[in-house]
1. Take every DSSP beta bridge with both residues inside the chain and express the antiparallel ones as a percent of the total, to the nearest 5.
2. Is it possible to state the helix-based mean residue ellipticity at 222 nm for the chain, with each DSSP H run of 4+ residues giving -39500 (n - 2.57), the sum divided by total residues, to the nearest 500 deg cm²/dmol? What is it?
3. Just grab the label-to-label distance for L310 and K433, each label 7 Å out from Cα along the Cβ direction, in nm (one decimal).
4. Show me the trypsin sites (Lys or Arg not before Pro) within region 211-309 that DSSP assigns to loop and that have at most 10 other Cβ atoms within 10 Å of their Cβ.
5. Could you name the lysines whose alpha carbon sits less than 23 Å from that of K308, not counting residues in the same chain fewer than 8 places away?
6. Just list whichever of K350/K433; K134/K211; K354/K457; K211/K457 have alpha carbons separated by over 32 Å in the model shown.
7. Rounded to the nearest whole Å², what accessible area per residue is found for region 18-104 with the 1.4 Å probe?
8. The chain: percent of C-alpha pairs farther apart than 37 Å?
Amino acid sequence: MWGGRFSEAPSDVMQRFNASIGFDQRLAAEDIAGSRAHATMLASQGIISEADRDAILSGLEQVETEIAEGRFKFSEALEDIHMNVEGRLAELIGDAAGRLHTGRSRNDQVATDFKLWVRGTLDGLIEATRDWQKALVTLAADHVGTVMPGFTHLQPATPVTFAHHLLAYAEMAERDLSRYADARARLNECPLGAAALAGTSHPIDREMTAKALGFYRPTANSLDSVSSRDFALEALSAASLGAITLSRFAEEVIIWSTAAFGFVKCSDAFSTGSSIMPQKRNPDAAELLRGKTGRVIGAFNTLAVTMKGLPLAYSKDMQEDKEPVFDALDTLGACLTIAAGVTGSLIVNKDTMKAAAGVGYTTAVDLADWLVRELNIPFREAHHVVGRLVATAEKTGTDLHELSDEALKAAHPELTGKVREAVTVEASVAARKHIGGPAPDAVNRELVKWQARLALK
């Protein structure tokens, strides 16, 4: 492709080191789409003839078919997807193929291809996130009244409902989804026409190619167009946060699946056994969700380090952008699919959850709130009163609702057995019916919103 300048071919080792066709062949569909738009624009502007345009479009269609059917022979000697497509096009239509590259460079070509791929992949991540949310909301709808312990520091804190806990992840996933959408919106400007770095002297119509490829507009600066990969970094940043959401969910499924907790069981479809211990049932799907998060975060770091010291405009270092992005976004897409499957097939042990909800004096704050509400005691004083009652309960091996009238009065003279109604786990949950609370009434209101948003009802 640059034979006019060089007197000898690259060495075999350099050819292998320099080639990217081993991975950027994934951009074939995007590359062909960009070439169609570019050829059509060139003809519209009178830069190439309509006959050459028609030949190019016909040849590109055949190349696309060959790739789709697995008949296309990718060549390392042609380095990348761009030259592989153009090389085959030349075999098919002759000299007209050489006119396709008029007014463009591989620099703006690859930036356009890569943006198109990332854009389409973000659309897929948005859809996959919605599928996981549907699984979360569907499961939550069956467990509005299922009481479980809420935790801080992984210690029992206050009773909540399983539905409320699941909807927390639906909210987290919604923010992840919004970040994918934001990244998509920001990348949706077309680099095509920036050429190598300074545009072209040909009278191209960049608005036409941008519109043809579904971009909002052309990029505004030719140097920025070919030298920036912040769109990929932003996609990886959003993907990293999304993977972290999945990892936290997976960690809880793993904990809940242990014999010590026994809250849930992963279905056979998302569990594995042991090669030596016949009794084992391992939540491997959840463990892999947790483990693969490191790959996604690592991809962001890889590309950030690649880009951090590059001067404008294009440098060959940027060839290293695609592999980590491909791997990370592929991984996240697979993880979202697995998360939806794990969620939808969880087997929930309601009785175990309810029993655990009252362990550890989880209704202590309800007792303090009762003192504030019924006896008009300042909260800090109520906190100390209940602290003494918890200490008494620990010494006597009883729960708060089992304390004697004498123990209650010893902590505060106006404290009577009436308070016992407020310190059951059911009462604790039901009292928290404000916006964002775990009470069944509050959760049902949220479920109605989620079901409408996800078109579940």
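The values are calculated or read from the model by the stated rules, or taken from the named source; none is laboratory data. Owing to the predicted nature of the structure, the values given are computational and were not obtained by experimental measurement. With ideal geometry, Cβ positions are generated from the backbone for all residues, glycine too; neighbour counts draw on all protein chains shown. We work out accessible area using only protein heavy atoms, side chains counted, and drop any ligands, DNA or RNA first. Shrake-Rupley method; radii C 1.70, N 1.55, O 1.52, S 1.80 Å.
1. 80 percent
2. Result for the chain: -20000 deg cm²/dmol, rounded to the nearest 500.
3. In this crude spin-label approximation the distance works out to 5.8 nm.
4. K308
5. K115, K316, K322
6. K134/K211; K211/K457
7. 43 Å²
8. Across the chain, Cα pairs with separations above 37 Å total 46 percent.
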